[in-house]
Amino acid sequence: MVGKKSHWGILVNNSSCKKLFIESLLGGQFPLELDALKGKNGALFSSLTLRKYIEKEERYDQKILSKHTHQSLKSMSSGEQKKALLHYLLQEQPNFLILDNPFDNLDKASQTGLRKMLLQISKNTSLVLLLSRQEDLLSFIEFRYVLQRNNLLPYTQENIQERTAIFKRPIPASLGQFPLETNPLISLKNISVAYNNKPILKQINWEIKVGEFWQLKGENGSGKTTLLSMITGENSKGYGQDLYIFGKKKGSGESIWDIKKKIGYVTPAMTDLFLGYHSVEHMLISGFFDSVGLYKQPNRMQQLLANEWLQLIHMQNLKDTYFHELSLGQQRMVMTVRAMIKHPPLLILDEPTVGLDDESAQRFVALINQFANESTTSIIFVSHRSEPGLQPRHTYQLQMTAEGSRGSIVPKN
């Protein structure tokens, strides 16, 4: 009879050297608390692992995780991707699995399904869960720790630091590049989208007016990304439809670059674009030029404004620090301020709290609420999590049907 397996839940935060910790475990070097895994082989379940398989498929046409389906790995929903990766890793029969924030990017139904799968897997395979959010800890995990830098500390309230996020300064003023041209900013009327005869969106009607704060919700695979690509003008399916972006009908001669100049966009994957030696100050200033890095001489007003933003988020002492040396929470704050520094008419935040610990997520939410309260920028916040304290004034919900996802405005309670 197979003996009972041990499982570990490890809370990570901004001080955690998570990458080094994972490399040590996979390399066979275990801290005393995980001594039971010595001599065992492990596998890593993470978004980075998934990204590598997606890249292999796109660049080299190597279908590994998706070889049993005609669908590409990239076109799958987050839930389908994670399920495919999990099945593939288990075929290798590892003694233990390292799961790096496995519930990120998943809707509630997919999270519930994954929890059930992990419960079954735990009967034969040891699990090491690395989690940024306390709510993701699984009930059957008996050994719980907090990773502070390279050290595992007991999971106690004393070692879990939570602070109330408050920004005492008002957000800096705009330099006034964007005069109001039209209201609503975005208008979609009976928009439908299908790919290869597969319906994705069905008769979407949605208006986004100046200064509105929206949360966009929907299950994995419901078409949220497709809907965002219609709003940003990047989706060619918008041609010939009743789609107006900043007052101009799609296909009426507008430039995609003219549209992008009016949109601030934040997604966790954007961080990969800024792996060079960019200082925090230069990162912020580059938001004026929509460039990856700063290649123009900024004027005095732009420098002063960047400094005001850094004072707001309490990072003025880090202005000369390289962006890649910041913690994940700090990087996400800088990326968001960079997107907002011009006070664009529209700010899109696509799963912006993925990977953030509880404290960083709380700070992020406080900053977005302040944007909504103190500017005329319209905001679309996309997240599967119900972030405590987030104050959207409207919610647009996508509901999947056989004919494609339909949208509706959720009434306020």
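General remarks:
- Computed from Cα atoms, the angle from the helix 328-340 axis to the main principal axis of the chain rounds to 10 degrees.
- Label-point gap, in nm, between His314 and Gln120 - each point 7 angstrom along Cα→Cβ: 4.5
- Cα gyration tensor, region 81-220 - rounded (a/c under 1.5), prolate or oblate: oblate
- In the context of the full set of protein chains, the chain has a per residue accessible area of 50 Å² (1.4 Å probe).
- Exposure of Arg363 as accessible area (Å², to 10), given a probe of 1.4 Å and all protein chains: 70
- Label-point separation in nm, Ser327 to Glu142, each point 7 Å along Cα→Cβ: 3.2
- Local net charge near Ser236, Cβ-Cβ under 14 Å (Lys/Arg +1, Asp/Glu -1): 0
- Residues whose placed amide H lies under 5 Å from that of Gly355, excluding near-sequence neighbours: none
- C-alpha long axis of helix 78-91 to longest principal axis of the chain, angle in °: 20
- Summing Cβ point charges (Lys, Arg +1; Asp, Glu -1) relative to the Cα centre of region 111-229 gives a dipole of roughly 160 debye.
- DSSP beta bridges fully contained in region 267-413 are about 55 percent antiparallel.
- For Gly264, the residues whose amide H sits under 5 Å from its own are Leu346, Leu347, Ile348, ignoring neighbours fewer than 5 places away on the same chain, with H placed 1.01 Å from N.
- Backbone N within region 232-253 under 18 Å of label point (7 Å from Asn183 Cα along the Cβ vector): 245-248
- Each residue of region 49-62 is assigned a 3J(HN,Hα), and the resulting list reads 4, 4, 4, 5, 5, 5, 5, 4, 5, 6, 7, 10, 6, 9 Hz, derived from the Karplus form 6.51 cos²θ - 1.76 cosθ + 1.60 (θ = phi - 60°), x at Gly and Pro.
- Rounded to 10°, Cα long-axis angle of helix 300-312 versus longest principal axis of the chain: 40
- Inter-part distance where region 316-388 and region 41-67 are each reduced to a Cα centre, Å: 29
- Each residue of region 112-127 was assigned a 3J(HN,Hα) from its phi angle through the Karplus curve 6.51 cos²θ - 1.76 cosθ + 1.60 (θ = phi - 60°); the sequence is 4, x, 5, 4, 5, 5, 5, 4, 5, 4, 5, 6, 10, 9, 6, 10 Hz, with glycine and proline shown as x.
- Charging the Cβ of each Asp and Glu at -1 and of each Lys and Arg at +1, and nothing else, the dipole of the chain about its Cα centre rounds to 620 debye.
- Structure note, pairs Lys74/Lys262; Lys67/Lys123; Lys202/Lys249; Lys74/Lys217; Lys83/Lys261: Cα-Cα distances above 30 angstrom occur for Lys83/Lys261.
- Carbon/sulfur fraction of accessible area - the chain, other protein chains in place, 1.4 Å, %: 48
- Three-way shape call for the chain based on the alpha-carbon gyration tensor, with the a/c threshold at 1.5: oblate
- Residue with peak Gaussian network fluctuation, the chain [Cα springs, cutoff 10 Å], from Tyr145, Tyr265, Tyr239: Tyr239
- As a rough guide to protection, the peptides 319-327, 62-70 ranked by mean Cβ packing within 10 Å, highest first, stand as 319-327, 62-70.
- Rounded to the nearest 5, the antiparallel percentage of DSSP beta bridges internal to the chain is 40%.
- Per-residue [θ]222 nm for the chain (sum of -39500 (n - 2.57) over DSSP H runs n ≥ 4, rounded to 500): -8500 deg cm²/dmol
- With θ taken as phi - 60° and the Karplus curve 6.51 cos²θ - 1.76 cosθ + 1.60 applied, the whole-hertz 3J(HN,Hα) list for region 362-375 is 5, 5, 4, 4, 4, 5, 5, 4, 5, 4, 5, 7, 10, 9 Hz, x standing for glycine and proline.
The values are calculated or read from the model by the stated rules, or taken from the named source; none is laboratory data. Keep in mind that this is a model prediction, so the values were computed, not measured. Positions of Cβ are backbone-derived with ideal geometry, glycine not excepted, and every protein chain shown enters the neighbour counts. Each accessible area value is taken on the protein alone, full model and side chains, heavy atoms only, with ligands, DNA and RNA left out. Shrake-Rupley method; radii C 1.70, N 1.55, O 1.52, S 1.80 Å.
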